[in-house]
Amino acid sequence: HTHIYLFLRKTWDFIHRRPESKLKKMLSRVDYAFTPLEVELQELKKKHPYIKAKPYILRCISAKEPLVVHKNTGDILLEHSANISDNHLDIIAAIKNKKLNLRERDIYVPLSYGNEKLAALVQEEAKFDGANVKCLMEALPFEEYNKMMDGCTHAIFGMIRQSGLGNIFICFRKGIKV
């Protein structure tokens, strides 16, 4: 938790130590901004008209790709990174408490970026009776990651902030229950 606090504190200090004029100048020079919802950028621009940034829209899969409907229960995607805000340990505890039948299912836990110590802890804790847990410690090429997700019918995301939207979008397009 300390590293998150320090990051937030340094960011807060950086923004608030700047005179308003410097902050306006800095923000007016930003060409593109990514917000999870385009309306968020529109509202920001209404409040701060000096922001001229155009929306950067993340497109992970073509909208022309057909939607998928799964007939059988398949594999599970558990989160998308090794970030403390993803709440892996809470998700793992909840799954263990439910005593779900996970036999003959793969559970994919992407941990290739983020906090290495957390990734190691999640890898240690993510053991379920009968399930084949695959902690992905290395990033997969996009095509391989996409193929892995073709076998998933469920995805569990436990973050309480906007995160993992590219993965969630892919899940929706592939008919994966989130």
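Any read-out appearing in this document is the output of simple, stated calculations on the displayed coordinates, not a laboratory observation. Nothing here was measured: the structure is a model prediction, and the numbers come from that model. Glycine also receives a Cβ, built like all others from the backbone with ideal geometry; neighbour counts cover every protein chain displayed.
Observations, loosely collected:
- Theoretical gain in end-to-end length, GLU43 to LEU140 [0.36 nm per residue, Cα-Cα removed]: 31.3 nm
- Cross-linked pairs LYS24/LYS47; LYS24/LYS45; LYS117/LYS147; LYS24/LYS46: Cα-Cα separations exceed 18 Å for LYS117/LYS147.
- Cβ-derived FRET efficiency at R0 25 Å, TYR56 paired with LYS24, nearest 0.05: 0.75
- Note that the stretch 74-127 carries a Kirkwood radius of 11.5 Å, evaluated over its alpha carbons pair by pair.
- Those residues of the stretch 152-167 whose amide nitrogen sits under 19 Å from the label point placed on THR73, 7 Å along Cα→Cβ: 152-157
- Binned Cα-Cα distances of the stretch 61-178, short to long, each 5 Å bin given as a whole percent: 2, 11, 23, 25, 21, 13, 4, 1, 0
- Cross-link table LYS98/LYS174; LYS54/LYS174; LYS25/LYS54; LYS25/LYS52, entries beyond 22 Å C-alpha to C-alpha: LYS98/LYS174; LYS54/LYS174
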